[in-house]
1. How far, in nm, would the chain grow between E137 and A22 when pulled straight, counting 0.36 nm per residue and subtracting the alpha carbon separation?
2. Quick one: Cα convex hull volume of segment 33-126, Å³ per residue?
3. Tell me the angle of helix 104-115 to the major Cα principal axis of the chain, expressed in degrees between 0 and 90 and rounded to the nearest ten.
4. Taking the chain as a Gaussian network, Cα atoms linked when under 10 Å apart, which of A17, A67, A30 shows the biggest mean-square fluctuation?
5. Pull out the extension gain between D198 and E62, defined as 0.36 nm times the separation in residues minus the alpha carbon to alpha carbon distance; nm, one decimal.
6. With a 1.4 Å probe and every protein chain left in place, work out the accessible area per residue of segment 82-129 in Å², rounded to a whole number.
7. Round to the nearest 10 and give me the degree value, 0 to 90, for the angle of helix 3-13's Cα axis relative to the longest principal axis of the chain.
8. Given Cβ point charges of +1 (Lys, Arg) and -1 (Asp, Glu) and nothing else, what value in debye, to the nearest 20, does the dipole of segment 1-53 about its Cα centre take?
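The values are calculated or read from the model by the stated rules, or taken from the named source; none is laboratory data. Computed from a predicted model, the values in this text were never measured in an experiment. No Cβ is skipped: glycine too gets one built from the backbone with ideal geometry, and neighbour counts run over all protein chains shown. Ligands, DNA and RNA are stripped out before the accessible areas are found, and what is left, the full protein with its side chains, is counted by its heavy atoms. Shrake-Rupley method; radii C 1.70, N 1.55, O 1.52, S 1.80 Å.
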Amino acid sequence: MSAIIEEISAFLQKGRAKNVKALVTEALEANEDPKEILNEGLLGGMMIIGEKFKNNEVFVPEVLVAARAMNAGLTILEPKLVEVGNEPIGKVVIGTVKGDLHDIGKNLVSMMLKGAGFEIHDVGVDVPPEKFIEEAENIGADVVCMSALLTTTMPAMEETINMFTEKGIRDKYIIMVGGAPVNQNFADQIGADYYTADAATCAEVAKKAITA
Ligand code: B1M
């Protein structure tokens, strides 16, 4: 790992958003590979924070500032990771489910979907089933993407799919789910169309599904 990427990871762990932004800019100017900046610098730093959080070595405030620094770095990196074509290949509604405030994974998924040519309608975090439905119906979405990072919020995915079904509109949409605690079994159990483990695969699968 280059020195600058190590520095990005270190500043992210300290939650220093301004330094992370400046270093990501500097790394891009120095022709560092954007994917390496993402995977080793930003996500690498966040993984270390995640481990420390799990072991009670850091607490919510530290994780929160690290997450802010991560999002700050992502905004600089986004144009390099995403090259958008002219005509959208489909419309996506994306959000983190009710009760869940984690948005970094969702933001990455949005970014990759955008890069794959989708028009993105991000409804944010802590999104109730009604909101997913309202937005999907309003914009005429093709795909609905739900993210969950907590085992306690996974049931909100099922609740959302059930509400689409109750309203008789389930089959209008390709429904995709993901997030660290979600897996293929769970996706099958709740009647989602696709589960994918990471942002890049989500974009690939969505593209295939819509052009199938
Ligand atoms: Co939270 N948190 N957190 N947290 N947090 C986790 C998730 C946890 C695993 C930490 C731990 O204990 N090791 C744990 C969950 C345990 C569990 O349920 N199994 C946890 C907990 C317990 C909590 C609180 C309850 C803590 C508390 O208050 N006591 C609390 C809950 C708040 C709430 O949501 N209601 C909480 C709060 C927070 C912060 C607010 C401080 C902050 C979030 C800030 C933010 O997002 N803006 C935070 C963070 C940052 C984390 C960790 C450290 C990092 C998550 C992250 O952003 N990872 C996390 C530990 C960890 O994951 N190691 C943890 C990077 C991100 C790129 O990965 O989101 O997994 P991820 O996305 C991946 C894939 O999952 C996938 O693509 C991405 C990669 O390409 N993906 C999809 C995601 N969505 C997808 C959708 C798809 C497809 C793929 O299709 C639609």
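1. 37.4 nm
2. 91 Å³
3. So the helix axis and the longest Cα principal axis differ by about 80 degrees.
4. Its mean-square fluctuation being the largest, the pick is A30.
5. 46.5 nm
6. I get 42 Å² per residue for this part.
7. 60 degrees
8. The dipole of segment 1-53 has a size of about 380 debye.
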